[in-house]
Amino acid sequence: LKQQKPRLERRIAGSTNRWRFPRQPFSGDLLGLSQMCKAANIDFDEVLKNPDRLCISQIQKIFPENLKNKTIQSREADVILECLGFKWELHQPQLFQSETLAKLYLMGLARGNANPEKESVKILQAQQPGRSREQRPVKKMILSLKINDPLVTREAFATALKNLYMQEVKICLDDVLGVLAAAHILQFGSLFQRCVTVMMSGLTPSTIKNFYLAGCKYKEEPLTTACEKWMEMNLVPLVGTQIHLRKIPKELLHKVLKSPRLFTFSEFDLLKTLLLWVYLQLNNKTQTFPMYQTVLMFFSSFPKNCAFLDRDVGQNLIPLFLCLRLHSITKGKDLEELRHINFFPESWLVRVTANHYHALENGGDMAHVKDLSTQAVRFGLLFNQEYTTHSKVITLYGFFFEIKGIKHDTTSYSFHMQRIRHTDLECASTVYENTPISLRAERLVTYEIRAQTTVDGKWQEFRTNQITQKFGLAEPSCKSHVRARLFFLISFFCFFSPHLFWDHWLYISSALREKFVRFLKDYHSFKLH
């Protein structure tokens with residue numbers, strides 16, 4: 001007769017006759033197991049996949065906290081761990097802080113005992129305070145652990161093991177990646193979280209890449225989120241001025257460019273940073289940070305018959321540049337520069353030109369802008385702690401605004417935006433010679449003010465809602481709502497009533513009028529072609 005495999009039986013377990021497993025590793029019914037996991041604060045699904053987790057958790061509760069954190073000098077080691085070509089001497093109470101070492105230890109006990117869990121419990125109970133010192137000698141166990149991760153050096157692994165015996169061991173920023181990798185392999189949860197905290201507080205242009213990739217590798221969402229937020233604030237003012245810009249992963253850069261919280265002084269500053277990043281990707285042997293003129297010469301050197309983004313080398317970069325708000329670049333000099341470097345497809349430039357044409361034709365109305373969070377014109381102001389006041393003048397379709405920050409005391413700052421007259425500008429005849437000026441008394445503006453600062457090492461954002469306000473030229477209507485914060489980013493778009501005529505505009509020089517006529521002719525020629 002063919003022997004049949006034993007079938008799972010229905011056994012009585014309590015008054016409800018619940019289903020239970022007849023053999024190890026689950027000696028009780030499923031409902032009882034679920035209740036046990038809930039009491040031990042362990043995920044039930046994880047226990048079903050990995051029964052050792054429940055056993056390890058039960059053993060960890062047997063010995064007191066002061067025993068597992070106490071440096072043991074009076075006893076010889078119970079375990080010798082062979083790892084990374086070195087032998088590490090360890091003690092039993094400390095082993096169970098690491099799930100990996102605990103599993104190895106239980107497997108070692110299983111080789112010579114029918115019930116390794118009970119055997120380990122007896123040994124640990126015998127080591128508790130108040131027990132008799134005359135205990136049976138414990139034979140040293142030799143365990144072996146293979147590590148193939150190149151980040152885990154002997155020094156990093158030693159630091160990880162040291163944390164089994166001591167609390168709050170200092171972790172250097174230079175070694176934190178290796179310690180993090182070692183903690184992950186050892187499944188040493190508390191140490192892993194300490195490493196994450198150190199990394200989140202140690203973000204710099206030189207560390208951002210490796211820390212972000214580590215967060216992605218270990219699926220540590222708080223770390224990746226912290227990296228993204230740090231980049232949103234520092235891409236343009238800090239990272240964009242150093243050679244470390246080359247190391248920024250494309251995936252991270254794309255996420256940051258799509259974020260509505262991205263800080264930039266202006267859209268053209270963001271464009272320059274992105275052009276520098278592309279240049280560094282294509283010239284990976286460059287050891288020094290390039291001048292912007294060098295970047296312009298590089299892209300201008302390509303044949304004029306095809307824009308850079310239309311070439312094979314530029315096709316995969318299009319998603320990055322689609323995140324830019326090119327309609328926010330309004331200065332004639334900057335627009336000429338875009339055309340000169342032959343970087344963007346002609347259809348993109350024609351669309352930007354058309355948007356400017358229609359906005360000027362309608363007295364400043366930005367009819368093409370529908371969503372403030374994704375299309376607004378962005379202007380940023382960085383207020384350093386040593387400043388008492390700091391301001392910046394911005395101009396858009398003939399309207400002049402000043403964004404200003406004032407320091408009241410060490411913890412109080414206020415920021416506001418106000419409309420100003422063109423006659424109040426210093427050196428208006430030279431700096432704004434080619435700038436149109438609107439004579440309209442009032443301007444309806446939809447805007448939003450964001451302030452971002454670090455509090456206890458973490459970025460915090462303060463913001464207004466979307467505000468629609470009519471700006472005049474005299475107080476109080478010329479000033480915006482005030483926000484008392486530290487890191488300032490303002491974005492807005494303007495709209496008028498649809499009927500506004502050209503006689504509301506004044507040009508400082510006749511030369512500008514001639515340039516604008518040529519601009520309209522060029523625009524219509526683009527439409528014809």
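The values are calculated or read from the model by the stated rules, or taken from the named source; none is laboratory data. None of these values were measured; they are calculated from a predicted model. Cβ placement follows ideal geometry from the backbone for every residue including glycine, while neighbour counts extend to all protein chains displayed. Note: accessible area is taken over every heavy atom of the protein model, side chains too, but ligands, DNA and RNA are not part of it. Shrake-Rupley method; radii C 1.70, N 1.55, O 1.52, S 1.80 Å.
Observations on the model:
- Computed from phi, the 3J(HN,Hα) profile of the stretch 353-370 under the Karplus parametrisation 6.51, -1.76, 1.60 (θ = phi - 60°) reads 4, 5, 4, 5, 4, 5, 5, 5, 4, 9, x, x, 4, 9, 5, 7, 8, 10 Hz, with x in place of Gly and Pro.
- Figure note: TYR105, TYR165 ranked by solvent-accessible area, largest first, 1.4 Å probe, ligands and nucleic acids not counted: TYR165, TYR105.
- For the stretch 289-370: rounded, prolate or oblate by the Cα gyration tensor [a/c cutoff 1.5]: prolate
- The stretch 156-297 has equivalent-ellipsoid semi-axes of 34, 15, 11 Å, by the square roots of 5 times the alpha carbon gyration tensor eigenvalues, sorted largest first.
- Average accessible surface area per residue within the stretch 306-396, 1.4 Å rolling probe, Å²: 44
- Label-point gap, in nm, between ASN305 and ARG421 - each point 7 angstrom along Cα→Cβ: 5.7
- Förster radius 51 Å - calculated FRET efficiency between GLU76 and CYS172, Cβ distance, rounded to 0.05: 0.95
- GLU475 contributes an accessible area of around 140 Å² to the protein surface, as traced by a 1.4 Å probe with all chains present.
- Exceeding the 21 Å Cα-Cα cut-off - candidates LYS209/LYS250; LYS217/LYS247; LYS209/LYS458; LYS103/LYS219; LYS250/LYS272; LYS255/LYS458: LYS103/LYS219
- Once both labels are positioned 7 Å from their Cα atoms along Cα-to-Cβ, the gap between GLU442 and GLN281 label points is 4.8 nm.
- Overall dimensions of the stretch 254-413 by Cα: Rg and Dmax, Å: 17.8, 58
- Loop-located trypsin sites (Lys or Arg not before Pro) in the stretch 165-271, at most 14 other Cβ atoms within 10 Å (DSSP): LYS170, LYS219
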